[in-house]
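Structure first, commentary second.
The values are calculated or read from the model by the stated rules, or taken from the named source; none is laboratory data. Quick caveat: nothing in here was measured; it's all calculated off a predicted structure. Neighbour counts are summed over all protein chains in view; Cβ atoms, including those assigned to glycine, are modelled from backbone coordinates with ideal geometry.
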Amino acid sequence: MRSQFSYFFSIAFAFLLLSSCSDKTKESATLIIYGGTIYTVDSNQETIEAVAIKDNTILFAGNLEEAENFKNEQTELIDLKGKTMTPGLIEGHGHFMGLGYNELELDLMDTKSYQDIINAVAERVKDAEPGEWITGRGWHQSKWDSVPEYTVKGFQTHHSLSEVSPDNPVYLRHASGHAGFANAKAMEIAGLQSLSAEGIKTYEIEGGEVIVDEFGRPTGIFSERAQSLIGKHIPENTPESDTQAFNLAVEACHKNGITGFHDAGIGRGTIALYDSMKAEGKMNIRIYAMLTGNDEQLLNEWYEKGPNIDPNHRFTIRSVKLNCDGALGNRGAWLLEAYTDRPDHFGLETLPMEMVDKTARNGLQNGFQVCSHAIGDRANREILDRYESALNELSMLGADHRFRIEHAQHIHPEDIPRFAELQVIPAMQAVHMSSDRPWAIDRLGEKRIKEGAYMWQALLRSGIPIINGTDVPVEPLNPIASFYASVSRKTLKGTPEGGYEPEQKMTRAQALKSYTLDAAYGAFEEDIKGSISVGKLADFTIYNQDLMTVDEADILDTEVVMTIFDGEIVYEKKD
């Protein structure tokens, strides 16, 4: 009897022990989100009812009943109350510090005329010390409601600006970043003749242009690499202003539902700043950084030590950014045929193609992705040629290189299928179409616009993903505007009816994927983010309405109401 009792006691004890061990090993969620439509961007289940998170990782994604199995007394609950959630959005091409400094400098994004610029500078002059530089960004002459009486090659001249700022040097960057506008004082500091015809000289700048009037005098417009003539005289940023700009950029990202950011071209100073912010626990954004191709010594140093892939997924460096042509706005994009509205001009090759060739080979041999800026059709073709040559000669045509072309705005029809053939990813900012298309037809003409500009659906059908974004601060960071442009092909004013070249619209699913999983793929990070899937990072964006089903006309009314980064709420819109 005693042995039988011992036997049952042993069985019961073993069962209790196993149950205890099981309870200890069962994972519990720190956060469960439910109560709204959750789009996963996961092909296995398009929408789900709930997500369970442990710390910064997704434990479960599925129905609410099963999610509740991960709940304990400490689990935080977020009821969406009918709102919509997606994976955290990823800005696929922007300039992070430019975003921050745009908050500190003169913001000219909403100026509608040259007079608006003059008025903004005049106001800033009132509070400026004599000799203090006034800088800003965002003007775009092709978007103005009125044109100045006197222009040179389609641009305003400095005279009216100089009158309101005689003692303060002024430099105002074009919205595209590919040109700048200086007043007389700034040109005087730079040693340029601006007001007198005496000592006139020819300004030959490789990869750039100083626009001059009929007397050979600089008008104040400096295009592409000619900007350095003024830029090298502008005082450098301070550590204090850098930190302030960085924090403002993080705040702006969170407010716009952005949890990841592809930073398109950074140098030594920015790398040091980001390392410092990360060490101080302030890197509350996931930055995928491209080394600037303007510093070849920096590139060689990184080739030697190899990519830095952050195990904490905050700051990774594994790519190189090359600036190979200009923009359509200042007629700097490099074209196969001359500009329709400037028949003697083909744009600018702002970087020798030999550098693309060399960088492609170095990238393949040392584990770095190459991301080349190309807006014009000739720039796109030349870069594809260099990529193809390097891939063939190094026998890496099938390798997982994920080389990119940034913007890919205007492509010759014959080159569209080459992206998929070479597995080159186009990183295209849909909002550029919304912003540029009304005047871009003047630059390219109807045939080139219809056959090769903003060719989203043609590229997607060819079998290559598209990375979306805004190129901030060229355009505002707002991802809803870029999403709307992606699916409507309209300006942000809702014109024209049916959209420009509507056959190239993205579907809403494609547009969301271009801001999440495809953007993650473009940074070799699709295994850790970009979809709401078990094991991935807990980054989410929550909206006031369902941007996947709301009427097209109401998409722009969508607002980000909450951003969750690394499992923590980092932004919540106040009622």
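Some notes on this structure:
- When restricted to residues that are of a type in the set (A, V, I, L, M, F, W, C) and either closer than 14 Å to Arg286 by Cβ or in a helix (DSSP H, G or I) (or both), region 530-551 contains 3.
- Criterion (within 29 Å of Gly326 (Cβ to Cβ) and either aromatic (Phe, Trp, Tyr) or assigned to a loop (DSSP other than H, G, I, E, B) (or both)) met by exactly one of Asn284, Asn312, Asn237, Asn300: Asn237
- The criterion of being surrounded by 16 or more Cβ atoms within 10 Å (Cβ to Cβ), closer than 30 Å to Thr270 by Cβ and either modelled with pLDDT of 90 or more or in the same structural domain as His159 (by TED's automatic domain parsing) (or both) holds for Gly220.
- Pick from region 281-327, criterion in contact with an Asp or Glu (Cβ under 6 Å, 6 or more places away or on another chain) and in contact (Cβ under 8 Å) with a residue 40 or more places away in the chain, ranking: farthest from Leu89 (Cα to Cα): Gly326
- Conditions (1) on the phi > 0 side of the Ramachandran plot; (2) buried (at least 19 other Cβ atoms within 10 Å of the Cβ); number of the one not met by Gly535: (2)
- Region 144-171 - residue that is in contact with a helix residue (DSSP H, G or I) (Cβ under 7 Å, 6 or more places away or on another chain) and outside any loop (DSSP other than H, G, I, E, B) and, of those, surrounded by the most Cβ atoms within 10 Å (Cβ to Cβ): Val170
- Scan of region 398-443 for residues that are in contact with a strand residue (DSSP E or B) (Cβ under 6 Å, 6 or more places away or on another chain) and of a type in the set (Asp, Glu), ordered by number: Glu406
- Within region 324-346, the set of residues being touching a strand residue (DSSP E or B) at 6+ places or on another chain (Cβ under 8 Å), more than 23 Å from Leu422 (Cβ to Cβ) and not aliphatic (A, V, I, L, M) comprises Gly326, Gly329, Asn330, Arg331, Gly332, His345, Phe346.
- Any pair with Cβ under 6 angstrom, 6 or more apart, that starts in region 357-373 at a residue that is farther than 14 Å from Gly306 by Cα and ends at one that is in a loop (DSSP other than H, G, I, E, B): Ser372/Cys324; His373/Cys324
- Residue match in region 413-435 (condition: within 30 Å of Ala252 (Cα to Cα), at pLDDT below 95 and not in a loop (DSSP other than H, G, I, E, B)): yes
- Among the residues of region 417-434, just one is surrounded by fewer than 24 Cβ atoms within 10 Å (Cβ to Cβ) and farther than 19 Å from Val370 by Cα, namely Pro417.
- Any hit, region 503-514, residues being of a type in the set (Asp, Glu), assigned to a loop (DSSP other than H, G, I, E, B) and farther than 24 Å from Lys321 by Cβ: no
- Lone qualifier among Asp527, Asp518 - being in a helix (DSSP H, G or I) and under 30 Å from Ile53 (Cα atoms): Asp518
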